[in-house]
Each structure stands twice: as structure tokens, then as C-alpha cells.
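The values are calculated or read from the model by the stated rules, or taken from the named source; none is laboratory data. Remember, it's a predicted structure, so these values are computed and weren't measured experimentally. Counting neighbours? That spans all protein chains shown, and the Cβs are built from the backbone with ideal geometry, glycine included. Calculation scope for accessible area: heavy atoms of the full protein, side chains included, ligands and nucleic acids excluded. Shrake-Rupley method; radii C 1.70, N 1.55, O 1.52, S 1.80 Å.
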Amino acid sequence: LGRYMRLDSAAAEAVNLLPKPDHPSQYGSLVGVLNRCKTKMGERVLQRCLRQPLMDPKEVNFRHDFVGLLKDDSALRSSLVEQALKGLPDMDVVIGRLQRGRAGLAEVYRLYSLTSILPALQSAVCDLSAAASNSSNSSSSSSSCSGDSAPFVKYLQEHFVAPLENLAGKFDLYRKFVEFVVDMDELPALLVSDRHDETLKELKDERRSINGDAERMLEDARCGWASFCDVKLERHSAHGLVFRCANSNDERDLRAANKDVEILSLQKSGVLFSTRRLSALGARLRQLEGEYEEAQAEIVNKAVETARTYVGVAEALSAVIAELDMLASFATVAALSPFPYVRPVMRAKGAGVYKIKAARHPCVELMDAV
């Protein structure tokens, strides 16, 4: 408990730490101003760190070294934020579903998608470590790292480089397992590969045959009775396989060209229509997908059980990602502020008086007409 500052609700409210219901603006709180996180895990850690600020000057300076490096090097910042962190799933939700026994093939694959960005994360933190090492060779007083960079490089190695290397090794077998279980050729549809069961293979072959028939029907329409409009084949949640024509004025011509045409809906975006044969194909396709779900259920259950054994490793990876995301968020805010943020000199508690000059609250800084 001695590592963190205790903030009661009055203190948090006095500095506009958390968003308020009566002030919905993003810039109405410090959390809103500083949150440029790319992941939900990062957002949660950022809020927790603002609620419980660190009090150890050594740890704070390591964080400032990290933020300073990213603030001053836009290429490093972009590599971490845009290539490694952007678009990651909320792993806390996935982990929770696995722990509560409510997971399916979607959670198995989302955990896989998280591990797939490990090389990009490893590359980004290794570049950061190299940049920190090089900063000691610079005599510039504006160097991101304070003083000797060796302790900070060691901090990076212990907190990010080594853990990510260790986690990548632990997840290597999991990646191979998912690629063996999931039919990667069918993505984004999540299906068990048909190599595991003869029934799955038969169902997939028939499914492929139906899709081929539908494509041939599309070509017949484009080259024949519906050649006057741009026809597309789509999947509809309610109607199954359908045709779409972009011009809603073509409705009458479609009816006249083919008496078998059934208009499903007429919208500004076009005409949604089908034929008896296409409707029959769509119905059979939905039936096949239901049968496939049933046939793969046992394999999915075994895959979920395997994924559950990786929960501890996933939690460790989620924690590393969250901290990287939070620090990158701080660096982004510091770099892109209208008046760039200044790094303070940190001292131990009781080691002197701080004199803050020409400063103002970050929320005030971003108000209109200020």
C-alpha cells in the first residue's frame, strides 16, 4: 500500500479525475484527456493508475523515460500504437468467458488473434530498448532518458522484452493447435476443419456445391434475364441467399424479366430479391450450417478446454499489453498537446518543494477559447 497514493472521492473530484454525468465531454476529466488507449485493457489500467498514483520516484522515472522516448520518436510510437496495439480484442472479456465456462470457438480464436500480434509487440519493445541504449551516447540535455540509461534499459528488459519472449514461447504450441483445429480457409466464418471428421467433410462438400450453384445462378442472371442491372449475391440474416440490385427503379423490370422473381424488400439502397430455386438453396445452406454446428460441437468443447489451460498465460500477456498501451497513450497526449507536456523532476516524498510555473489543469487547457 505504501507504493501508491491514496485518493479519496473528494480529492478525485477536486482535480476532475473521473468523468462526471453532468459533464459528458471527453475533456471534462483527466481520464478523458489522457485516454488515447487502443485497447480496453489499456483503458482500465490507465484509470486504475490515475486512481492510485505511484509514489516510488524510481518507478515513476522509469515510466517517464518510457513516455519520453515515445513522445520524442514518432516512428517508435507509431510502430507500437498502430502496428502492435490497434484492433486487439478485449482479452479480459475472453478470459472471463473461458473461466466461467461460457466460451466457444469465437473465444478460442480471439485468444489466438491476440497471440498473433506478439511478433509486432516484441519488435516494438526491442526497438525501444535499442533507442534507450543509444540515448546514453547523446550529450543532448533534452535526451528522453534521465542520466545513465542502463537502469532504464534493464527495466525494459525485465518488464517487457523478457516477458514477451517468454509468453511467445508458451503460446507457440497454442497457435499451432488453433491452426490445426480451425478451418483457416473459411475465415471470417469460424468452423472446425473438416479434416477431423468424415461427417464434417461431407457437409462441407455439400455446402461448397450449394455455393457453386448459387454463383452459377448469379452468372445466369447477369448474362441473361437481369443483364440490365448490376446484380450481386449476398447472405441475409433473415432470408438466407439473396440477390441485390442497386437501383430500386429496376423492380418492375425484374418482375417482367423473370416471373419466378420474388421481391423481398425495396429500399433506397436497392432491391432485395430472390427466386424459388435460390430460396431453396439458401434454406438448405442454413440447414447444413446447423448440422455442421452440431457435428463440430464435441471438438469445439475440447478446444475450449485446451484454451482454458492458457488463461494464466493470457492474463500475463493482457497485463503487459495494457501497460504498454497506457504508456503509449500518455506519450501520444504529451506529443500532440497544443502546448507539449513537460517532464517534471521527480524527488522522494518530503525531499523538497515543487514550484510549478506557467501551468494549468489539462482539462482547462482543452476548453474552448482558452
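Computed from the C-beta positions of Leu18 and Ala130 and an R0 of 35 Å, the FRET efficiency is 0.40 to the nearest 0.05. Shown in residue order for segment 352-358 are the 3J(HN,Hα) couplings computed by the Karplus curve 6.51 cos²θ - 1.76 cosθ + 1.60 at θ = phi - 60°: x, 10, 8, 10, 9, 10, 6 Hz (x for Gly and Pro). With a simple spin-label model that places each label point 7 Å from the Cα along the Cα-to-Cβ direction, the separation between Ala106 and Ser227 comes to 4.4 nm. Between Gln157 and Asn301, full extension at 0.36 nm per residue minus the direct alpha carbon distance yields a gain of 48.1 nm.
A simple spin-label model places the labels of Ser74 and Glu291 5.8 nm from each other, with each point 7 Å out along Cα-to-Cβ.
Proximity of backbone amide H atoms, modeled 1.01 Å from N, is registered between Ser265 and Leu272 at under 5 Å, excluding neighbours fewer than 5 places apart on the same chain.
Scaled against the 2.2 N^0.38 Å expected of a compact globular protein of N residues, the Cα radius of gyration of segment 269-352 reads 2.33. Placing one equal scatterer on every Cα of the chain and applying the Debye formula, the log10 ratio I(q)/I(0) at q = 0.08 Å⁻¹ is -0.63. Calculated FRET efficiency, Glu219 to Thr199, Cβ-Cβ distance, R0 = 41 Å: about 0.85 to the nearest 0.05. Along the axis of the charge dipole computed for the chain (Cβ charges of +1 for Lys and Arg, -1 for Asp and Glu, origin at the Cα centre), the listed residues Pro151, Leu272, Leu80 are led at the positive end by Pro151.
As a fraction of the 1.4 Å probe accessible area of the chain, surface on carbon and sulfur atoms comes out at 51 percent.
Here segment 151-303 is described by how far its Cα atoms reach on the three principal axes: 77, 43, 24 Å, from widest to narrowest. Once the chain from Glu165 to Ala280 is taken as fully extended at 0.36 nm per residue, the excess over their C-alpha distance is 36.2 nm. Rolling a 1.4 Å probe over the protein heavy atoms gives segment 197-310 an accessible area of 58 Å² per residue.
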